[in-house]
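Take a look at the structure set out below.
The values are calculated or read from the model by the stated rules, or taken from the named source; none is laboratory data. Model, not experiment: these values are computed from the prediction. Please note: Cβ atoms are built from the backbone with ideal geometry, for glycine as well, and neighbour counts cover all protein chains shown. What goes into the accessible areas is simple: the full protein's heavy atoms, side chains included, and nothing from ligands, DNA or RNA. Shrake-Rupley method; radii C 1.70, N 1.55, O 1.52, S 1.80 Å.
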Amino acid sequence: MRDHTPDFKMHELSDGNKALIRQTVQQLLEKLASDGKLVADSLLEFWVEVPGLPHSRGTFRGGFLMPDSFIYITDYFLAGESCLKPLPAYADGGESEKVWEDLLDELFYQIEIFTSSVSESRGITLELWAGNRQRPEGEWIYAVDRKIELG
């Protein structure tokens, strides 16, 4: 049996890029919750554009955008709230900051995988969306988004 895992070397995001991503994600999720749109299937999605690397956007039948990756927000926060409230497992023992650490660790790891083809993050553009789709790959019913360039 052959191993089909791609041979690549991940490089860790800089502290500056992690801070920028964290600030952006927190703003998007706070907006989603304050608008009363945080539901059970709310997603945090991202798309990565690496300079000089062809990476055409894929589509599903019907022409829907296929994002690079997504995270279910309600794996970390309660749905139906007008402000971000961590799941009860995180609220015990004053560990509310742990919810952000877990969510961002997962997001950083996924972004590092998608940016592993380049030696540095300068010029990489990251698009982030938070919201709700008809299906994970369908049209947005509600979304807030932000595009940032990593330095």
Open item on the list: Criterion first (modelled with pLDDT of 85 or more and of a type in the set (A, V, I, L, M)) does L53 satisfy it?
Closed with: no
Task: Set V39, V25, V48: member being surrounded by fewer than 17 Cβ atoms within 10 Å (Cβ to Cβ), among the β-branched types (V, I, T) and either in contact with a helix residue (DSSP H, G or I) (Cβ under 9 Å, 6 or more places away or on another chain) or at pLDDT 90 or above (or both) - done: V39
Open item on the list: Out of the residues in region 81-97 meeting the condition of being within 16 Å of L29 (Cβ to Cβ) and open to solvent by less than 70 Å² (accessible area, probe 1.4 Å), tell me which one is modelled with the lowest pLDDT.
Closed with: S96
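One line per residue, one yes/no per condition, for (1) at pLDDT below 90; (2) part of a loop (DSSP other than H, G, I, E, B); (3) closer than 19 Å to D41 by Cβ:
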| residue | (1), (2), (3) |
| --- | --- |
| Y109 | no, no, no |
| V118 | yes, yes, no |
| S121 | yes, yes, no |
| A130 | no, no, yes |
| R135 | yes, yes, yes |
| G138 | yes, yes, yes |
| R146 | no, no, no |
